[in-house]
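Encoded as structure tokens, the structure appears first; notes follow it.
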Amino acid sequence: MKKPFFNLYSHGFARVAVGVPRCRVADPAFNATETLELARQAADQGAVLVAFPELGLSAYSCDDLFHQNALLEACEEALATIVEASKNLKITMLVGMPLRVEHTLFNCAVVVSGGRIHGIVPKSYLPNYSEFYEARQFSSADNASVDEIELFGETIPFGPSLLFQATDMPLFRFHIEICEDVWVPIPPSSFAALAGATVLVNLSASNVVVGKSGYRHQLVGQQSARCLAAYLYTSAGRGESSTDMAWDGQALIYENGELLTESERFLDTSHVVFADVDLERLSRERMHQTTFAQSIRRHQDEVSEFRVIRFEAQPPKSGTLGLDRSVERFPYVPADARRRDERCEEVYNIQVQALVQRLSASKISKVVIGVSGGLDSTHALLVCAKVMDRLKLPRTNILGVTMPGFATSDRTLKQARALMDVIGCSISEIDIRPSCEQMLKDLGHPYAAGEPQYDITFENVQAGERTNHLFRIANFNQAIVIGTGDLSELALGWCTYGVGDHMSHYNVNASVPKTLITHLVRWVAETGQIGTGGTDVLEAVLSTDISPELVPGKSSGAPEQKTELVIGPYELQDFNLYYILRFGFSPSKVAFLAWSAWKDREKGEWPEDIRVARNQYELGAIKRNLAIFLDRFFRQSQFKRSCVPNAPKVGSGGSLSPRGDWRAPSDSESVVWLKELKTVPEQEG
């Protein structure tokens, strides 16, 4: 059956929720009512699971009241109310309560949906220090003498090692631990993740003290990252006893170390927060990180203890249900200004350190770089300048060469000259037109006879001549050629193979995407990394249209070509590259993510001081540009990537070096990706 494109459940996502109901101490009927109201809200929003706080039906702060029979019976009655109400709610609820089992009292999480209790999980670790006295009232899960109990006329699985698998969502398997369980050195959820749980849930009460909120973030974030899982965390809020403690009602949802959402703390009312968890991404990460499987093998004894309980999640798979999740338009470039500056500084330092090492190890003190006046060569030159400063060598050891050809614009030539002057490198200018004309004549090309035939040969003769000059200059000066081509160009094959800009002795930009280079150049200018001056020329470079400048324009001194008209907008193609390379997502999912990122112009808009999306990309444009990317990436360009120069990997988004992140056959087809892309509609509605 064809999956509806505009529904998040068609693309490996699951909407989950964490509820913090206002409670009354020792009033289970009231607490059940508040719980059910939040469950209805979560179900109405399309969530398949909602988690509530530890001991939420009774309230956590009951102390010795937990041993009062009236309270325990009232909690069971409240649970029965929730089970009955669940018949009409398409959502799985996780509620906390005290429960008597074989003359022993346990602090439990109960899994309810569809009018049934699917399983009950007792707490493993009972804190009995500082303000906590749980061992006074409860027994640990280790003390349980049975693995099934009778409740409401049914036999129900019982124990800490239960996994709940949705039969209608293969990637949705969750595990529950309770409060203190995640604070211990090896939480039970660690083994649950190895047993296949992609969603880890913590029913907590957790009183608040100064600094505890930040520590919860660290604890939950790191556990989700280590386990390559989503982690849902609850805590008790308004209504818990203030006898000796206070409560902030903090709710968190993390995915693989990334915070998706959190609640506002200290609210007076009941509230629920939602997040759309990418289950496919988690599965892909576990498959990619092969040490995860090694850990399963090493802890096989613990993993084998888990029991899988199957249930039906009943997600809303028909109709439109868009993502309630931020999808960055520029995945390689943080939107937050502070994080963006940190990213730029680290990338720049990685590039500089790598080239410092290469020159030091090879005992070479000079570099040759072709300076076009465009974005990539500008940034590579900035890196070279910093390298010379680090090595305490004069910047004149940078042999900057600008090589105007048949289509070099007045603007870029002026920028190249000004940039080299600001840097203080050695400057030379070589007009490649005479040598290109000689080669075209040798080839018998129509251009040599006066016919304006601007074909691929005409273009590549110029690219080859430039590279040929650079290598011979390097030979003559005992230097190495610094490559300038970036990750985006390499992905799309937008480089001249072998004797063109594809080749160099060392390439500092090869794993830096075009969208990030823009901000690197601006950051270098703003932070004075290469000294004073040069801001104007760098701003001019940033505002220049991207062009190979190989085909003469209709007007003198102006380029005919604009790269993005041929290969698509870099902001879209970098988006496609990130999700194809980093996660291996299907084209339809990449298109869905791009549509989610660009469909709302106002949502996630960037500050005015940096580049924002120039277009409001609709689905048809997203699909067309993704088709260009898929064919160029999978079919047309791998042979170029199979033999690229050395270059430093700078980000977790990946590189395309055959010695690093990407090994692929040079003669593969793109047919399966293009076929899958056809499932994407041409437009909304």
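The values are calculated or read from the model by the stated rules, or taken from the named source; none is laboratory data. The structure presented is a predicted model; accordingly, all values stated were derived computationally and were not measured. Here the Cβ positions follow ideal geometry from the backbone for every residue, glycine too, while neighbour counts run over all protein chains shown. Just so you know, the surface numbers come from the protein's heavy atoms only, side chains and all, with ligands and any DNA or RNA stripped out. Shrake-Rupley method; radii C 1.70, N 1.55, O 1.52, S 1.80 Å.
The conditions of being modelled with pLDDT of 95 or more, outside any loop (DSSP other than H, G, I, E, B), among the small types (Gly, Ala, Ser) and closer than 23 Å to Gly12 by Cβ are not met by Ala313.
Give segment 179-194 a look and list any residue that's of a type in the set (A, V, I, L, M, F, W, C), within 18 Å of Ile309 (Cα to Cα) and open to solvent by 20 Å² or more (accessible area, probe 1.4 Å), or say none.
Correct list: Phe191, Leu194.
Restricting segment 521-573 to residues that are hydroxyl-bearing (Ser, Thr, Tyr) and within 23 Å of Lys386 (Cβ to Cβ), the residue that is surrounded by the fewest Cβ atoms within 10 Å (Cβ to Cβ) is Thr532. Of the residues Cys436, Cys425, the single one that is without any contact (Cβ under 8 Å) to a residue 40 or more places away in the chain, surrounded by 19 or more Cβ atoms within 10 Å (Cβ to Cβ) and either in contact with a strand residue (DSSP E or B) (Cβ under 8 Å, 6 or more places away or on another chain) or of a type outside the set (Lys, Arg) (or both) is Cys436. Tallying residues that are charged (D, E, K, R), in a helix (DSSP H, G or I) and under 22 Å from Arg329 (Cβ atoms) within segment 527-578 yields 3. For segment 44-51, state whether one or more residues are of a type outside the set (Ser, Thr, Tyr), in a strand (DSSP E or B), closer than 25 Å to Asp268 by Cβ and open to solvent by less than 10 Å² (accessible area, probe 1.4 Å). Yes, segment 44-51 has at least one match. Can we say Arg390 is at negative phi, touching a strand residue (DSSP E or B) at 6+ places or on another chain (Cβ under 9 Å) and open to solvent by 10 Å² or more (accessible area, probe 1.4 Å)? No; evaluated as a whole, the condition is false for this residue. Filter segment 148-174 for residues that are in contact (Cβ under 8 Å) with a residue 40 or more places away in the chain and in contact with a Pro (Cβ under 9 Å, 6 or more places away or on another chain); which is surrounded by the fewest Cβ atoms within 10 Å (Cβ to Cβ)? The residue in question is Asp168. Can you name every residue in segment 349-383 that is part of a helix (DSSP H, G or I), in contact with a helix residue (DSSP H, G or I) (Cβ under 7 Å, 6 or more places away or on another chain) and under 18 Å from Val537 (Cβ atoms)? Across segment 349-383, the qualifying residues are Leu375, Asp376, Thr378, His379, Leu381, Leu382, Val383. Restricted to segment 336-355, and to residues there that are open to solvent by less than 30 Å² (accessible area, probe 1.4 Å) and not aromatic (Phe, Trp, Tyr), the residue that is nearest to Asn7 (Cα to Cα) is Arg340. When His118, His103 are checked against the criterion of being over 14 Å from Ile178 (Cβ atoms), open to solvent by 10 Å² or more (accessible area, probe 1.4 Å), under 35 Å from the mean Cα position of the chain (by Cα) and not charged (D, E, K, R), His118 stands alone in meeting it. From Ser189, Ser206, which residue is touching a helix residue (DSSP H, G or I) at 6+ places or on another chain (Cβ under 7 Å), in a loop (DSSP other than H, G, I, E, B) and of a type in the set (S, T, N, Q)? So the residue among Ser189, Ser206 that is touching a helix residue (DSSP H, G or I) at 6+ places or on another chain (Cβ under 7 Å), in a loop (DSSP other than H, G, I, E, B) and of a type in the set (S, T, N, Q) is Ser206.
Do any helices (runs of 4 or more DSSP H) entirely within segment 618-685 hold 3 or more residues that are under 23 Å from the mean Cα position of the chain (by Cα) and either surrounded by 21 or more Cβ atoms within 10 Å (Cβ to Cβ) or among the small types (Gly, Ala, Ser) (or both), and if so, which? So that I can check it myself, show each step before the final result.
Details: elements: 619-631, 638-641, 671-677.
The qualifying helices (runs of 4 or more DSSP H) are 619-631.
Residues that are within 24 Å of Gln638 (Cβ to Cβ) and crowded, with 24+ Cβ neighbours inside 10 Å occur at least once in segment 493-506. List every residue pair whose Cβ atoms lie under 8 Å apart, where the two residues are 6 or more positions apart in sequence or sit on different chains, the first residue falls within segment 202-229 and is under 19 Å from Glu240 (Cα atoms) and open to solvent by 10 Å² or more (accessible area, probe 1.4 Å), and the second residue, located anywhere, is outside any helix (DSSP H, G or I) and basic (Lys, Arg). The qualifying pairs are Val208/Arg265; Ser213/Arg265.
Output the residues belonging to segment 18-43 that are surrounded by 24 or more Cβ atoms within 10 Å (Cβ to Cβ), of a type outside the set (S, T, N, Q) and within 20 Å of Asn202 (Cα to Cα).
If we filter segment 18-43 for residues that are surrounded by 24 or more Cβ atoms within 10 Å (Cβ to Cβ), which is where we start, we get 18-21, 23, 28, 31-32, 35, 39, 42.
Checking which are of a type outside the set (S, T, N, Q) leaves us with 18-21, 23, 28, 32, 39, 42.
Across segment 18-43, the qualifying residues are Val18, Gly19, Val20, Pro21, Cys23, Ala32, Ala39, Ala42.
Okay, residues lined up against (1) assigned to a strand (DSSP E or B); (2) within 30 Å of the chain's Cα centre (by Cα); (3) within 30 Å of Val146 (Cβ to Cβ):
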{"position": "Ala236", "(1), (2), (3)": "no, no, yes"}
{"position": "Thr243", "(1), (2), (3)": "no, no, no"}
{"position": "Trp247", "(1), (2), (3)": "no, no, no"}
{"position": "Gln250", "(1), (2), (3)": "no, yes, no"}
{"position": "Leu259", "(1), (2), (3)": "yes, yes, no"}
{"position": "Thr269", "(1), (2), (3)": "no, no, no"}
{"position": "Glu280", "(1), (2), (3)": "no, yes, no"}
{"position": "Gln294", "(1), (2), (3)": "no, yes, no"}
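What about Ala197, is it open to solvent by less than 40 Å² (accessible area, probe 1.4 Å), under 22 Å from Glu312 (Cβ atoms), among the aliphatic types (A, V, I, L, M) and in a helix (DSSP H, G or I)? Spelling it out, it is not the case that Ala197 is open to solvent by less than 40 Å² (accessible area, probe 1.4 Å), under 22 Å from Glu312 (Cβ atoms), among the aliphatic types (A, V, I, L, M) and in a helix (DSSP H, G or I).
Scanning segment 311-321 for any residue that is of a type in the set (Val, Ile, Thr), farther than 26 Å from Lys87 by Cα, open to solvent by 20 Å² or more (accessible area, probe 1.4 Å) and touching a strand residue (DSSP E or B) at 6+ places or on another chain (Cβ under 8 Å) turns up nothing.
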